[in-house]
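Following: one structure in C-alpha cells, then a few remarks.
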Amino acid sequence: MASRLGKGLDALIPRESEIAASDVHQAAVENIRPNPHQPRSVFQPEQLQELAESIRVHGVIQPLIVKRGPGDGYTLIAGERRWQAAKLAGLTHVPVVLREADDQALMELALIENVQRADLSPLEAAEAYQQLHKDFGLSHELIAQRVGKSRVAITNTIGLLELSAAVKQALAAGRISEGHGRALKALDGDKAQNAALATVLDQNLNVRQAEELVRKLKGHKPVAPVKRAPSADVSALQAELRDALGTKVSLQHSGKGGKITLFYYSDEELDALIARLLQAK
C-alpha cells in the first residue's frame with residue numbers, strides 16, 4: 001500500500017481521461033457512506049449549493065471513487081463534496097468507480113485530495129497529520145512526501161494542536177492566521193497565550209507584530225539595528241573636522257541633507273570648541 005500511495009493521488013484516484021466507460025457504475029446515493037477518515041469537518045453551504053445547481057443542469061461529470069462495504073453499500077474514497085451536492089440536487093444515483101483501499105489509504109487519500117485543493121483548515125490538517133503519525137506510524141518526513149509539503153511545515157502544523165482552546169477557536173473562526181497561531185505557540189501555558197491573543201485581536205496585529213509581542217512577553221530584548229559604516233568620503237570629512245575642531249565629530253549625510261554632531265567631555269572642552277567655532281566665523 002505504501003508504494004502505491006507513494007505514486008501520488010493518481011494511484012487510486014485516476015484522472016477523468018483515464019477512466020474507461022466500462023469502469024463507471026451507477027450507485028444509489030443512499031447506499032454510499034462518507035469516508036470515516038475524512039479530515040475535512042466543514043463544507044461551506046454556499047459552495048455546496050453552487051455545485052448542486054451545476055449538478056442539476058449537467059449531472060455528476062466526474063465519478064466518485066468508492067470501495068465496497070460495509071455490507072452491500074459503498075464507502076467514499078474521494079468525492080464527498082460531489083456526493084453531498086448530488087443529494088442536495090435530488091439525485092438518486094451517482095456514477096462511481098470501484099477501488100480497493102484499507103483504512104490508512106482512506107485517510108491518506110482524503111487528506112491528499114483536500115490538501116491539494118486547499119480545502120482543509122489549519123486545524124483540520126493538523127488533526128489529520130497527527131492521526132497519520134500516531135495511528136498509522138508515519139513519520140513527519142513521510143507525511144510531507146505524501147502531501148507535497150516540507151517536513152518543517154508538517155511539524156509546525158501539528159504543533160497547532162498544542163495551542164490553548166481560545167487560540168484554536170480564533171484560528172478555526174478565521175480571526176487569526178496559522179502564522180499567528182505558530183507565534184502564540186511559543187508562549188508557555190494557556191493564560192499567556194490567551195492574554196497575547198487578546199492583544200493581537202484588540203490591536204489587529206499582523207504576524208510579524210505578533211511575533212514581536214511574543215518576544216517581548218518572553219523577555220527577549222529587540223535586536224538593535226545594525227549601523228551602516230560611513231562611506232569613505234564621510235569618514236574623510238569627519239576626520240578633517242575632528243582635526244580642525246579638536247574633538248570627535250559625527251556626520252550623518254543623505255541626499256536630502258543631514259546633521260553634524262560635535263562631542264565634548266568637559267566644560268573646558270565646550271568653551272574651547274565654542275571659541276574655535278566663533279573664531280572661524
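Which net charge results when you count Lys and Arg as +1 and Asp and Glu as -1 among the other residues whose beta-carbon is under 15 Å from that of Lys185? Could the numbers behind the result be given before it?
Working: positive: Lys168, Arg182, Lys191, Arg215, Lys218; negative: Glu162, Glu178, Asp188, Asp190, Glu211.
So the environment of Lys185 carries a net charge of 0.
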If I model a spin label as a point 7 Å beyond the Cα along the Cα-Cβ vector, how far apart are those points for Ala166 and Asp23 in nm? 5.2 nm
At a threshold of 8 angstrom on Cα-Cα distance, excluding pairs fewer than six apart, so keeping six or more, what relative contact order does region 120-217 reach in percent? 24 percent
Paramagnetic reach from Glu141 (point 7 Å along Cα→Cβ, amide N under 18 Å) across region 153-189: 153-156
Once fully extended, how much extra length lies between Ser250 and Val57, figured as 0.36 nm per residue of separation less the alpha-carbon to alpha-carbon distance? 61.8 nm
Expressed in nanometres to one decimal, the distance between label points 7 Å along Cα→Cβ at Ala275 and Arg68 is 11.0 nm
Bins of 5 Å, starting at 0 and running to the largest distance - Cα pair percent for region 232-280: 4, 20, 28, 23, 15, 8, 2, 0
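Under 8 Å for C-alpha pairs, at least 6 residues apart: give me the relative contact order for region 232-280, rounded to a whole percent. Working shown, then result.
Numbers: 37 pairs, mean separation 13.5, N = 49.
That works out to 28 percent.
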In nm, give the distance between the simple-model label positions of Thr199 and Ala239, each being 7 Å from the Cα along the Cα-to-Cβ direction. 4.7 nm
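Tell me the net charge near Thr75. Cut-off is 14 Å between Cβ atoms, Thr75 excluded, with +1 for each Lys or Arg and -1 for each Asp or Glu. Intermediate values should be presented prior to the final figure.
Numbers: positive: Arg33, Lys67, Arg68, Arg99; negative: Glu30, Asp72, Glu80, Glu100, Asp102, Asp103.
That works out to -2.
Of Phe136, Phe263, how do they rank once you tally other Cβ atoms within 10 Å and put the fewest first? Show your work: numbers first, answer last.
Working: Phe136 17, Phe263 12.
The most exposed by this proxy come first: Phe263, Phe136.
Between Leu262 and Arg215, 0.36 nm times their residue separation minus their Cα-Cα distance comes to what?
Details: separation 47, 0.36 × 47 = 16.92 nm, distance 3.63 nm.
Length gained between Leu262 and Arg215: 13.3 nm.
So between Ala192 and His93, what do we pick up on full extension, going 0.36 nm a residue minus the alpha carbon distance? List each step's numbers first, then the result.
Values: separation 99, 0.36 × 99 = 35.64 nm, distance 5.29 nm.
Full-extension gain reported as 30.4 nm.
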Could you tell me whether region 120-217 comes out rounded, prolate or oblate from its Cα gyration tensor? Rule is a ≥ b ≥ c as square roots of the eigenvalues, rounded for a/c under 1.5, then prolate if a/b exceeds b/c, otherwise oblate. prolate
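Add +1 for every Lys or Arg and -1 for every Asp or Glu among the other residues with Cβ under 12 Å from the Cβ of Ala236, and state the total. Spell out each step's value before the answer.
Working: positive: Arg242; negative: Asp233, Glu240, Asp243.
That works out to -2.
Specify whether the C-alpha gyration tensor of region 60-104 places it in the rounded, prolate or oblate class, a ≥ b ≥ c being the square roots of the eigenvalues: rounded for a/c under 1.5, otherwise prolate if a/b is larger than b/c and oblate if not.
Working: a/c = 2.10, a/b = 1.73, b/c = 1.21.
Prolate shape, in that a/c is at least 1.5 and a/b is the bigger ratio.
Rule-based calculations on the coordinates, nothing more; no lab input. Note that the structure is a prediction, hence the values are computed from the model and not measured. Counting neighbours? That spans all protein chains shown, and the Cβs are built from the backbone with ideal geometry, glycine included.
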